[in-house]
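A short worksheet on the structure shown next.
The values are calculated or read from the model by the stated rules, or taken from the named source; none is laboratory data. Here the structure is a predicted model, which means the values were calculated and not measured. Here the Cβ positions follow ideal geometry from the backbone for every residue, glycine too, while neighbour counts run over all protein chains shown.
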Amino acid sequence: MNDLKRENIEPEILRSSLDLVILQLVRLGLDPRTFPFMDAPDTHVLTSSLDLLTRLSCIINETTITLRGQLFTELSLDPRLGALMTNTYVDVGGERLLARSAIIVAILSAPGSLFYMGGASKEAKAEARSRVAVGASEFDSDLFYLCSVYKNWENAGLIDPVHRRCTTCQKVVSKRLDSCRSCRTQHANINGLNNKVLQIVYRSFEFYMKTILNTRWKLTASSNVVIESDERDAIGEQLYKLFPEQAGHLLVCHLPDNGIRLINNEIRARINDTSVYVQRIHDHGHQHFVTMSITQLPSGDHIVDRLHPVPSKCLPPVPIKDLFSLKNVGYLVHNEIRKALDNRRSEPWTKWFTYEFDRRSCSITIWGMESDRIIIKTIVQSMFDDARAKLSAITDSIECGPIRASFRSGLLCSNIETMDNTLRLYLQHVPCKNFTELKKWLQTNLGIDLYHIKENNFRQRNANDDRDVRYEAPPFFIVFKSAEMFNKAKGRVPRDCVCSQDTVLLSSTMGIRMDQKDTWGRQLIITMNRLYETKTSEQILERLTPHVIDCRERGKKTRSLQPALRLTNLPDSTNESTIHRILHRVKPVKINLYPANADGTGSSTANIFYDNEQQRDQARLILQLALCDQPIQITIRKKRNGMLTEKWVMPTVTNLVPKESLTQSFIITAINREAALKLYNEIIPKLEPLWKVDSTATVTVLQSDLYPYFDKLVENIAAQFDTHVEQQPFDQKRGNNGSDSDKRCIFSGAPPSETALAAAMLAQATSPIVIRITNERQKRLFSELLDEKLIETWCHRLNLKLTEKNTSRTVLEIRGPQIEQGQLMREIADYSDKFEERFRVHDLSTTIGNLFNRQKTAAVKLDEIAQKWSRRGCDVSYLRKTNSLIIHAQPRTAQVDIRTCETEVKQMLAELAASDDVSRDKRQCVFCRQMSASTRLFRICGHAYCQCASSSLSQMFPFQCHEPTCKTSVHIQDLQEIFTDRGELSRLCKRSLQVYLKEHASTDDRLFCPNGDCDGLLRSSAGYRICVACGHNVCVSCRIIDDDLHEGRTCAERRTIRCEMGEFLPKLYEAAEKYAKNNWPPQLPPIIRIDHNLPLFEGCLSLQRFYKAVETDGDRPPPELSRGFFAFHGTTSDSIKPICTFGFDPKRRHGQVHGPGEYFGVTANVSDGYCRETNGCEIKTMIVAFILRCH
């Protein structure tokens, strides 16, 4: 045992224990030192065996065998196993303890396992290992567990000696049999045991007992009485005395999976996963053990099994110490540290190094040898610092209006770049006819997908055009959503597929594909009189380059002016292929086929277009000969009585005379909003005075019939922005999701900024609620609402439309009036409160979580609990990703059953550990400090946060964890998960960009427009001016919007005048009253009266908190009215006064679907759903709140 490693196969005599062989040689009177072995053992090994036999009192002077030695040769065992039985009999506990040790020795010497571990499949083998692990969890010793398995098998076939009946099956057994074999066989089969091995153990046990108790050996039983609870320690002490080289200890007592140390051999090994030591957590009293099975794998690793605890008093203290801990460790930091450690596992200091990552305490605890403390701390601390620095430096490219910037942790801007040509790739020679082929080409050649692309002007080939097999798409461009994908594609694109910007722009005349909202403020319509000039799309695009990226002709297509033929009275069976086949000598440019009526009446008609009149005339002659020489029979419906009748008609071909319009119209797309405004106001009027230019903004409204006042809403918006609006049916083919009430509203007749604002307002008024399910609680809540058809019922009652946007049901879209949307969200919030009573989350420590690995006892027991309680309406499951146990009860499950189920789960957890701190059903949010089961963990520092994080983080910069001892910047991916609304994240990014731009004012003095809905960039040196993007008068220096005081004055002059004008509150009341009246929806009952919040005059707590927020934002109270905006807030009538006096109380938050925070409505329609009458009053009350726009 000095060296367990075997490099090569050796003769058995050189690698097996010689103890019994030498003992037998001595009994035969032979000298082991001179015996002629075929392969002589090493002298050192021979001497060690002789010394051992002498210590065991088996031989004297290496040549004389004792009576004890003769007994051991009779037993034919390793002498140490024989000594184990005799010592326990003579020195410790008499015959009772002898029986226990004899069973252990019989099991250890048996040729195989007591368990049947085979099976035809991996599942069967895994089931067998799980079965073994479950039984092991009830014991502290593998050997005692095996003894229990044997005893249960033995008891299954015991014979009543008086009546000779089996105590199990009550059958009479023959006198020549000492057991009921059928019962034992049945017991073995039921419990997955190896009956043959058990029979061998039984016979061996009987033999050992009979031999040792024979009076021939003159052994006297000990008179000591060893109670059952002390048997473990008694056996352990004897095993340690006899097998000291196989003694070891857990590196860390509560981390059995982290390995063990074999003391004498200084070998690190791991424990077999069916051992009792890895089924639950043991206390310090079980840290030492003796292993009776050591296996070396081909990889060099060692596995130990058949462990038995040894009292700690018998061995020296464990040298593995708790060296130090790392705090504020998130799971991504842990992953980085783990990777770094894996790369250094061959270094000496890692031999006894081990650690534990605990998600609950956000910490890593390090253990190792005291002598390695300094080097371990230096290396691991460096890994920790490097991991945090690496993760904090990770950036993501986010678009903020005309700027794309890279943001790192804390949402700190690291660099910016303009968006005019950023992330734009120009391509040519791409062999794709449609988007399906393009998607495949992009995946194969560039390693990207279509969803990585924001804009493109790829032109699909006409489906009827099959003239050229080797087709290449016209040059086109693609704009990427992220810099990462752009750089990836740019590095992989074939060189011959890259072209210049001019090549693509001159070919971009078929429309650009982008999100509809991205076209607002960028699209213009140019109209010209054909009497003066005629232009093509290419000519317009070339004329307005580089301000325009796309141009296409509106109205009838240009081909309608080309030479064409018209075929009438064609058979219903005629198709385009038939006409192409007839005209194969003179191929047409295009064929428009109009089939007969859907009921089979009438005939087909076709328009055939050519490039010139000569081709048209040739085709006319061919068609006259091929189609127009024989009449055909068609079915028609008589107008007078509607009866069907047959009629013979003659197919005819004539020249198609186009109806040419007097005007020609083009729609152009500017490169950005600022360019569109310059084209509208300056460039086009100066370059082409005869061209008429207008702007256009289109909004697609799905299912407009859901909005009872839709037409009036559209008219009011058009009147507000002084635009013209046209409604058109939206009949694009969209499968079964289409609706006859889908409409397109086109705003025009005003500057681009006005039509864009009108489109944005209509889109906001008709926008759906999009619910994104991001965690387990939301998933189960909404699955329940959908499965029970509750949300469907609510939507039907409120005239709302619910759509599941994906098959995984993680994105739900709800369309309909905003009043009803607000009422639906209230219904969901109320149900969410009730759901909370039936939903439990127990966060586990990492140590306990490891016990739920496959085939371990904890996992098996959890499956048993889950199966038991599933029949009673409780779902119990383990989530490995979050290391937590979930208990989710169905709506009709009684609370007493839920509590009983939870108690049973807690009892199971308590049995797995030596301490009570094994789980936590709630975490404390670092922001609101409330305990919640619906929390997530920051990636870098690991602290918990709930859905209040969005509102809390939006009030600070940079974004950091709110734990006092942490203050770690929040990972950029965490921020993207917290702020799921991309618009909200974009606004926060703009705040970060403001800081970046101010810090780099020497190189770029631009700042964002203070209008939160505008993406315009203005020079801070320009003072008070019109923002070309949104049309408001703004000052980016003092963040003022539409303030007449600033007109013609500097910021300092305006502040001086404002100080002379009086108090803040009267103006606040006046502005709030004006806002409420001007923005009150016609769908709601009229306003009866508007009351002022009088406690504000008395300096109430609400005003004090507001002024403190102003100071926190870096300003001096009272703030400018232009620094904020108004919004509506619905609540119960009896909550109005407390809110007005004390402000919004975070402790009273409940039923908030999107997380804790203060909810406001952009329109009163939304807030109306939250208004509740109390005390029998039928009048609703609503708050108009002033919300500060933070820097």
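Considering each of A124, A102 in turn, give the residue that is under 27 Å from E206 (Cα atoms), in a helix (DSSP H, G or I) and in the same structural domain as N195 (by TED's automatic domain parsing).
Details: A124 fails: under 27 Å from E206 (Cα atoms).
That would be A102, the only listed residue that is under 27 Å from E206 (Cα atoms), in a helix (DSSP H, G or I) and in the same structural domain as N195 (by TED's automatic domain parsing).
Which ones in segment 779-833 are touching a residue at least 40 places away in the same chain (Cβ under 8 Å), of a type outside the set (A, V, I, L, M, F, W, C) and more than 23 Å from P1081 (Cα to Cα)? Don't jump to the end; show me each part of the working.
Quick first cut of segment 779-833, residues touching a residue at least 40 places away in the same chain (Cβ under 8 Å) only: 780-781, 784-785, 788, 790, 799-801, 803, 811-826, 828-833.
Keeping just the survivors that are of a type outside the set (A, V, I, L, M, F, W, C) gives 780, 784, 788, 799, 801, 803, 813, 815-818, 820-823, 826, 830-833.
Residues satisfying the conditions are R780, E784, E788, T803, E813, D830, Y831, S832, D833.
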- [ ] Considering only segment 217-241, state which residues are out of contact with any strand residue (DSSP E or B) (no Cβ under 8 Å at 6 or more places or on another chain), surrounded by 10 or more Cβ atoms within 10 Å (Cβ to Cβ) and small (G, A, S).
- [x] A221, S222, A234
Open item on the list: Being closer than 28 Å to R899 by Cα and modelled with pLDDT of 85 or more: is that true of R815 here?
Closed with: no
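Residue-wise test of (1) at positive phi; (2) at pLDDT 80 or above.
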| site | (1), (2) |
| --- | --- |
| A1001 | no, yes |
| D1044 | no, no |
| G1048 | yes, no |
| R1058 | no, no |
| M1061 | no, no |
| P1082 | no, no |
| G1099 | yes, no |
| Q1104 | no, yes |
Open item on the list: Can you tell me which residue is surrounded by the fewest Cβ atoms within 10 Å (Cβ to Cβ) among those in segment 612-629 that are under 14 Å from N655 (Cα atoms) and among the acidic types (D, E)?
Closed with: E613
Task: helices (runs of 4 or more DSSP H) wholly inside segment 418-534 that include at least 2 residues being at pLDDT below 80 and surrounded by fewer than 18 Cβ atoms within 10 Å (Cβ to Cβ) - done: 501-507
Task: One residue from L662, L679, L656, L623 being in the same structural domain as D572 (by TED's automatic domain parsing) and in contact (Cβ under 8 Å) with a residue 40 or more places away in the chain - done: L623
Task: Check on D1134, outside any helix (DSSP H, G or I) and assigned by TED's automatic domain parsing to the domain that holds V1166 - done: no
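One line per residue, one yes/no per condition, for (1) in contact with a Phe, Trp or Tyr (Cβ under 6 Å, 6 or more places away or on another chain); (2) at pLDDT 90 or above; (3) closer than 23 Å to S109 by Cβ:
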residue: R33; (1), (2), (3): no, no, no
residue: S57; (1), (2), (3): no, yes, yes
residue: N61; (1), (2), (3): no, no, no
residue: L71; (1), (2), (3): yes, yes, yes
residue: E74; (1), (2), (3): no, yes, yes
residue: A83; (1), (2), (3): no, yes, yes
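Of all residues in segment 550-590, which are of a type in the set (A, V, I, L, M, F, W, C) and modelled with pLDDT of 85 or more?
Correct list: C551, A564, L565, L567, L570, I579, I582, L583, V586.
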Open item on the list: Looking at segment 896-907, can you tell me whether even one residue there is surrounded by 22 or more Cβ atoms within 10 Å (Cβ to Cβ) and over 30 Å from V329 (Cβ atoms)?
Closed with: yes
- [ ] Could you give me the residue pairs with C-beta distances under 7 Å whose first residue belongs to segment 144-171 and is assigned by TED's automatic domain parsing to the domain that holds F205 and farther than 16 Å from S182 by Cα, whose second residue is assigned to a helix (DSSP H, G or I) and among the hydroxyl-bearing types (S, T, Y) wherever it lies, and which are 6+ apart or on separate chains?
- [x] none
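Being in a helix (DSSP H, G or I) and in contact (Cβ under 8 Å) with a residue 40 or more places away in the chain: is that true of L1068 here? Can you show your working first?
Details: in a helix (DSSP H, G or I): yes; in contact (Cβ under 8 Å) with a residue 40 or more places away in the chain: yes.
So L1068 fits the description; yes.
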Task: helices (runs of 4 or more DSSP H) wholly inside segment 165-257 containing at least 3 residues that are under 24 Å from F289 (Cβ atoms) and within 55 Å of the chain's Cα centre (by Cα) - done: 231-242
Task: Matching residues, segment 710-731, being of a type in the set (F, W, Y) and over 40 Å from the mean Cα position of the chain (by Cα) - done: F721
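I need the helices (runs of 4 or more DSSP H) fully contained in segment 856-968, keeping only those with at least 1 residues that are without any contact (Cβ under 8 Å) to a residue 60 or more places away in the chain and in contact with a helix residue (DSSP H, G or I) (Cβ under 6 Å, 6 or more places away or on another chain). Quick ask: steps written out before the conclusion?
On the way: elements: 857-870, 895-912, 949-953.
Where helices (runs of 4 or more DSSP H) fall fully within segment 856-968 and carry at least 1 residues being without any contact (Cβ under 8 Å) to a residue 60 or more places away in the chain and in contact with a helix residue (DSSP H, G or I) (Cβ under 6 Å, 6 or more places away or on another chain), they are 857-870, 895-912.
Looking at segment 782-798, which of its residues are in contact with a Leu (Cβ under 7 Å, 6 or more places away or on another chain) and either surrounded by 15 or more Cβ atoms within 10 Å (Cβ to Cβ) or at pLDDT below 90 (or both)?
Passing the criteria: F782, I791, W794, C795, L798.
Is at least one residue of segment 1080-1095 outside any loop (DSSP other than H, G, I, E, B), of a type outside the set (K, R) and under 15 Å from I1187 (Cβ atoms)? Full working, then the answer.
If we filter segment 1080-1095 for residues that are outside any loop (DSSP other than H, G, I, E, B), which is where we start, we get 1094-1095.
Subset that is of a type outside the set (K, R): 1094-1095.
Add one more test, that the residue is under 15 Å from I1187 (Cβ atoms), and what stays is none.
No, because not a single residue in segment 1080-1095 is outside any loop (DSSP other than H, G, I, E, B), of a type outside the set (K, R) and under 15 Å from I1187 (Cβ atoms).
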Task: Within segment 784-815, tally of residues that are in a loop (DSSP other than H, G, I, E, B) and either under 27 Å from the mean Cα position of the chain (by Cα) or within 24 Å of T1132 (Cβ to Cβ) (or both) - done: 10
TODO: Name the single residue, out of those in segment 757-781 being in a loop (DSSP other than H, G, I, E, B) and either out of contact with any Asp or Glu (no Cβ under 7 Å at 6 or more places or on another chain) or under 29 Å from G1016 (Cβ atoms) (or both), that is modelled with the lowest pLDDT.
DONE: N775
Task: Condition check for G118: free of Cβ contacts under 8 Å to residues at least 40 places away in the same chain and surrounded by 21 or more Cβ atoms within 10 Å (Cβ to Cβ) - done: no
Open item on the list: Condition (residue is surrounded by 17 or more Cβ atoms within 10 Å (Cβ to Cβ), in contact with a strand residue (DSSP E or B) (Cβ under 8 Å, 6 or more places away or on another chain) and more than 30 Å from L862 (Cα to Cα)) applied to segment 123-139: is it met by at least one residue?
Closed with: no
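Say whether the condition of being of a type in the set (A, V, I, L, M, F, W, C) and at pLDDT 85 or above is met by at least one residue in segment 1167-1182. Before the answer, list the steps.
Step one: filter segment 1167-1182 for residues of a type in the set (A, V, I, L, M, F, W, C), giving 1171, 1177, 1179, 1182.
Within this subset, residues satisfying the condition of being at pLDDT 85 or above are 1182.
Scanning segment 1167-1182 turns up at least one residue that is of a type in the set (A, V, I, L, M, F, W, C) and at pLDDT 85 or above.
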Task: Answer from L623, L627 - the residue that is in contact with a helix residue (DSSP H, G or I) (Cβ under 8 Å, 6 or more places away or on another chain), at pLDDT below 85 and within 18 Å of S573 (Cα to Cα) - done: L627
